[in-house]
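Reviewing the structure listed below.
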Amino acid sequence: MQIYLPIAELPVNMFLILVMGLAVGFISGMFGIGGGFLMTPLLIFIGISPAVAVATVTTHIAASSFTGAITYWRRRALDPALALMLLTGGLLGTTAGVWLFSFLRAVGQLDLTIGLSYLILLGTVGSLMVVESVRAIIRARQGKPAEIRRGGSHTWIHGLPLKLRFKQSKIYVSTIPVWGIGFVIGFIGAIMGIGGGFLLVPMLIYLLRVPTNIVIGTSMVLTLITMAFATIMHAATNHLVDLVLAMILMVGGVTGAQFGSRAGQRIRSEQLRLLLGLLVLAVGLRFAFGLVLQPEELYTVRAAEGPL
Amino acid sequence: MRRLRYTAVLALVLAMVRPAAAERLVTSLSNYRVSIGSTFAGADLVLFGTVDRDAGTVARRGGYDIVVTVTGPRQPMVTWRKERVLGVWVNAESRTFVDVPTYLAVLANRPIDRIVGPELRRRLQLGLDNILLPQDIAGDVADVVRDDPFRMAFVRLRVEHGLYLERNNALTFLTPTLFRTPIPLPADAPIGSYAVDVKLFADGAMLARESSAFELYKVGIEQVVASAARNHGLLYGLSATAFALMVGWLATVVFRRD
């Protein structure tokens, strides 16, 4: 069934979008991520302009991360204080990101920036995940115990001033890196249309040494609020959020996520990380081809920002 | 300018001198308001028309020719060209087209170059090659040569999207004076007012012209969503967020396992 999208201004097959929502939702539930890094490229590949795709996916992620946040809240598996601190940086980052987004759109370099950011970010993160999980799998095969990540070791991050104690996470760290991480996540989230969960989780674990059981819930809260804020900002400044598209994506996404999380519990965590790593890498490579190969069409036409 | 005025005065005088001798065009569209609903997948309008003759009209040996030009709402557009920079293809050069039609259809009963000569084609802007597409060149606004690569790419891309079209056989004569032509509107035709300009030719000269218009507009939820997004951005964003939260919350209720 064809449905006309009022903001993207083109008709799409409703079932195709619903299936995409379900599939990405399944994957996001399985890995405990928002799935924006998959959804945004998929929308771009089916012909929706990158700008509308990015802005609309933020709405979709707000919905799916709210579902996650509620679930983790019920289990008390999140740290509100840490989330609040991350958020301070996150909202600033989102504001800056939306501003840069508008600027890049005006000078015609938004698509390139989105492509390059995806390539660099997904390429790096994907490779790291694949290498790390393959090592973990080999180690498990050899019968050695899993590497213990959380230790008493201190890095330069722990020497920074403005220290604060986060009770739930049982950490005592400076607020500077917390703000910094929040800013980075909010910033790239607004530009790339991703929640940033797959970046935030390792950052919190490795840099701030937050316990693993607290990390996902806390990251969900941060994602929820930055994405809700990004939706409002994108809607208010660029008028690009397509509610009809977002609605279909949300319904598919939250449903798929439920099945995905059940499937995820049956797979071993290092294998899960390997799969996710390969997926991330594949999306990154797809962008790489798009940037490096000579495009069939060198010209593009778009409406200029003019009096309407 | 002065020459134009003289021509206009001359035409007016001629029209007054022999009103009975000229042909008149009478046209009608199948639909003057085309609505875009949630199931809109393009539309085909039909233009009907007749050449009105009277007793004083001289016989035309070569028969009549009609060229219909449909012009969609105008908007500034930018054409970008990609170039390879450090191994990556980036949008390097751009040209801004000032207030060009977002939709353009040229429909005729036979190839336009056989209907009128090149001089008149240019003056009347007949066909995609002759339509004015002014570019903003360093503050100056002018149309460039026909084989300008940006102009050619612009027209080619619009044609590929079905938003610009030139059809030499779309218009058919049902009788020597009664004609009809479909006006194909693609699914992503921009909303707004469309001008329909019908020109009648015989023996390489224009005999009459007639203009009308139709409107493409959004209805129902499409209209509500689009206008809310544009006019009440903040409110729209807030409700989108509220809606997202509701869906997220509903999911936890529906799928709650305990």
>> For the range B:197-220, give me each residue that is of a type in the set (A, V, I, L, M, F, W, C), surrounded by fewer than 18 Cβ atoms within 10 Å (Cβ to Cβ) and in contact with a Phe, Trp or Tyr (Cβ under 8 Å, 6 or more places away or on another chain).
In response: B:Ala213
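Name the single residue that is modelled with the lowest pLDDT among those in the range B:221-238 being surrounded by fewer than 16 Cβ atoms within 10 Å (Cβ to Cβ) and assigned to a helix (DSSP H, G or I). Explain how you work it out, then say what you get.
Here is the first cut: in the range B:221-238, the residues surrounded by fewer than 16 Cβ atoms within 10 Å (Cβ to Cβ) are B:221, B:224, B:227, B:230-232, B:234-235.
Applying the additional criterion that residues be assigned to a helix (DSSP H, G or I) yields B:221, B:224, B:227, B:230-231, B:234-235.
Values: B:Ile221: 73, B:Val224: 76, B:Ser227: 77, B:Arg230: 78, B:Asn231: 81, B:Leu234: 87, B:Leu235: 87.
That would be B:Ile221.
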> Do we find that B:Ala108 is farther than 25 Å from A:Arg302 by Cα, in the same structural domain as B:Met152 (by TED's automatic domain parsing) and touching a helix residue (DSSP H, G or I) at 6+ places or on another chain (Cβ under 8 Å) in this structure?
Replying inline: yes
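So, in the range A:5-17, exactly how many residues are touching a residue at least 24 places away in the same chain (Cβ under 8 Å), facing chain B (nearest Cβ under 7 Å) and either among the acidic types (Asp, Glu) or within 11 Å of B:Ala187 (Cβ to Cβ) (or both)? Show your work before the answer.
Of all residues in the range A:5-17, those touching a residue at least 24 places away in the same chain (Cβ under 8 Å) come to A:5-8, A:10, A:12, A:14, A:16-17.
With facing chain B (nearest Cβ under 7 Å) added as a condition, the list becomes A:6-7, A:10.
When the remaining residues are screened for being either among the acidic types (Asp, Glu) or within 11 Å of B:Ala187 (Cβ to Cβ) (or both), the result is A:10.
So the count comes out to 1.
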> Regarding A:Leu240, is this residue in a loop (DSSP other than H, G, I, E, B) and facing chain B (nearest Cβ under 10 Å)?
Replying inline: yes
> Only one of (1) over 25 Å from the mean Cα position of the chain (by Cα); (2) over 30 Å from A:Ala236 (Cβ atoms) fails for B:His232. Which number is that?
Replying inline: (2)
>> For B:Pro182, only one of the following conditions fails: (1) in a helix (DSSP H, G or I); (2) more than 8 Å from chain A (Cβ to nearest Cβ); (3) touching a strand residue (DSSP E or B) at 6+ places or on another chain (Cβ under 6 Å). What is its number?
In response: (1)
>> Consider the range B:105-118. How many of its residues are surrounded by fewer than 21 Cβ atoms within 10 Å (Cβ to Cβ) and either without any contact (Cβ under 8 Å) to a residue 24 or more places away in the chain or farther than 17 Å from B:Tyr64 by Cα (or both)?
In response: 3
>> Restricting to the range B:187-214, name every residue that is closer than 22 Å to B:Ile36 by Cα and either at pLDDT 90 or above or not in a strand (DSSP E or B) (or both).
In response: B:Ala187, B:Asp188, B:Ala189, B:Pro190, B:Ile191, B:Ser193, B:Tyr194, B:Ala195, B:Val196, B:Ser212, B:Ala213, B:Phe214
> If you go through the range B:208-258, how many residues are within 8 Å of chain A (Cβ to nearest Cβ) and among the aromatic types (Phe, Trp, Tyr)?
Replying inline: 4
>> For the list (1) closer than 17 Å to A:Gly186 by Cα; (2) of a type outside the set (D, E, K, R); (3) surrounded by fewer than 20 Cβ atoms within 10 Å (Cβ to Cβ), I need the number of the one condition that A:Val57 fails.
In response: (3)
> Taking the range A:193-216, which residues are surrounded by fewer than 24 Cβ atoms within 10 Å (Cβ to Cβ) and outside any loop (DSSP other than H, G, I, E, B)?
Replying inline: A:Leu199, A:Val201, A:Pro202, A:Met203, A:Ile205, A:Tyr206, A:Thr212, A:Asn213, A:Ile214, A:Ile216
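Can you pull out the strands (runs of 3 or more DSSP E) entirely within the range B:69-166 that have at least 1 residues that are at pLDDT below 85? Explain how you work it out, then say what you get.
Numbers: elements: B:74-85, B:88-101, B:104-108, B:135-137, B:140-142.
Fully inside the range B:69-166 and qualifying: B:74-85, B:88-101, B:135-137, B:140-142.
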> If you scan the range A:88-105, which residues turn out to be surrounded by 24 or more Cβ atoms within 10 Å (Cβ to Cβ) and farther than 17 Å from A:Val241 by Cα?
Replying inline: A:Gly89, A:Gly90, A:Gly93
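The values are calculated or read from the model by the stated rules, or taken from the named source; none is laboratory data. Bear in mind that the values here come from a model prediction, so they are computed numbers and not experimental data. Heads up, the Cβs are rebuilt from the backbone with ideal geometry, glycines too, and the neighbour counts pull from every protein chain shown.
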